[in-house]
Every structure is written in structure tokens, then in C-alpha cells.
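What follows is calculated from the coordinates using simple rules that are stated; it is not laboratory data. Remember, predicted model here, so these are calculated numbers, not experimental data. Here the Cβ is made from the backbone with ideal geometry for all residues, glycine too, and neighbour counts use every protein chain on show.
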Amino acid sequence: MNVNTSTNAKELLKKQHESCSLHADRIKKALNEIEKITPLSQIKIANMNTHELAITELLTGRFAKLQDTLGKKIFPLILIAIGEDTQGMSFIDRLNLLEKLGYIDDAQHWFDYRDARNAAAHEYSDSPAVMVKNLENIIRLAKELLAYWQKLGQKIEKIIMQ
């Protein structure tokens, strides 16, 4: 890898860092609003007003965007910016390398985020119990993802400054 590749990756990493920070900010705001209606129940889900529905959409949408941006953009850019050769690597191999390098705690846990994102993307209006379960899972994982993003964001800032 040449210096230009690393420099370009750092520039792109900075832009994606800003994007992820915005997603994280929106998730925090949505979580603050969701706290007002928890604990969730099937009755609450069935009777949500427009504001509550919008907040759940904001939470699930921004969770998905943050998780997706990290996996598809941030992770590859980190590896390029620090000089790792990732050509021909599968996604799980990249996750394992990021885990080995200390950028993620558990590569397999990353799939929990992806599964939750996928489950939240499907509407289960005929099953309020499934909706409650999925939303509770997103709330729990969104809090974890925010804490992870805070730590990773600091590491990214150090990479950008190098």
C-alpha cells in the first residue's frame, strides 16, 4: 500500500466518522424518547401515537445505518488506513482481523447487530409480541453499539491524526 492510499483512506475515514457520529447522536435522542414509553408491551405497541411510532422508526433506522456504515465503510477504511492488506478477505476475516487488532471486542457479536437490524427491518404488524421483542432487542443493542462507537470513534480520531 502506498502513502496516497493511506491518506485517501484517512480522508474517507474522517467523513464516515462524521456520518457515524450523526447516526449515534440520533440514536441517543431516540433512546431518550423511548425511555418514556418503556417497559414496552403489546398494548403499548398497538396503541402508539404518531410521535412514538416516529421515534421507534428513528431508532431502528439509525441503528441500521450506524451498524451498516461501520461494517461496510468504517471497518475496511480502518484496515486500509493502518496499512493492512485486506484484498481477497471475506467480511468475517476482516472482522477477525479487527478483533485481533483490538478494534472490535468480538467478531461474532457483530452478527448479533446485523441480525437485529434485519429483524427490525421487517414489519410484524400482525404480531405485536414479535414487535415488542424486536424493539426491546434493538434498544439493548443500540445502547451497546453507542458505547462501542464512542470507543471506536476515539481510535479513529487517532488514526486520522497519524
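Calculate how steeply helix 91-100 sits against the longest principal axis of the alpha-carbon atoms of the chain, using the helix alpha-carbon long axis, and give the answer as 0 to 90 degrees to the nearest 10. Between helix and principal axis, roughly 70 degrees.
The modelled label-to-label distance for the pair ASP105/LYS36, using points 7 Å beyond Cα in the direction of Cβ, is 3.0 nm. Placing +1 on the Cβ of every Lys and Arg and -1 on the Cβ of every Asp and Glu, with no other charges, gives the chain a dipole of roughly 380 debye about its Cα centre. Cα centroids of region 1-69 and region 81-151: 13 Å apart.
The string of couplings for region 35-41 from the Karplus curve (6.51, -1.76, 1.60, θ = phi - 60°) is 4, 5, 10, 8, x, 7, 8 Hz, one whole number per residue in order, with x for Gly and Pro. Against the chain, whose longest principal axis comes from its Cα atoms, helix 128-161 is set at around 30 degrees.
Estimated from helical segments only, the mean residue ellipticity of the chain at 222 nm is -25000 deg cm²/dmol, where each DSSP H run of four or more residues counts as -39500 (n - 2.57). Enumerate the amide H contacts of ILE104 below 5 Å, restricted to partners 5 or more residues apart or on another chain; note that Pro and chain-start residues carry no placed amide H. Amide H neighbours of ILE104: GLU99. Angle, helix 50-69 long axis vs. longest principal axis of the chain, Cα atoms, 0 to 90°, nearest 10? Rounded to the nearest ten degrees, it is 20. With θ taken as phi - 60° and the Karplus curve 6.51 cos²θ - 1.76 cosθ + 1.60 applied, the whole-hertz 3J(HN,Hα) list for region 109-117 is 5, 4, 6, 4, 4, 5, 5, 5, 4 Hz, x standing for glycine and proline.
Average 1/r across all pairs of distinct alpha carbons in the chain, invert it, and you get the Kirkwood radius: 16.8 Å.
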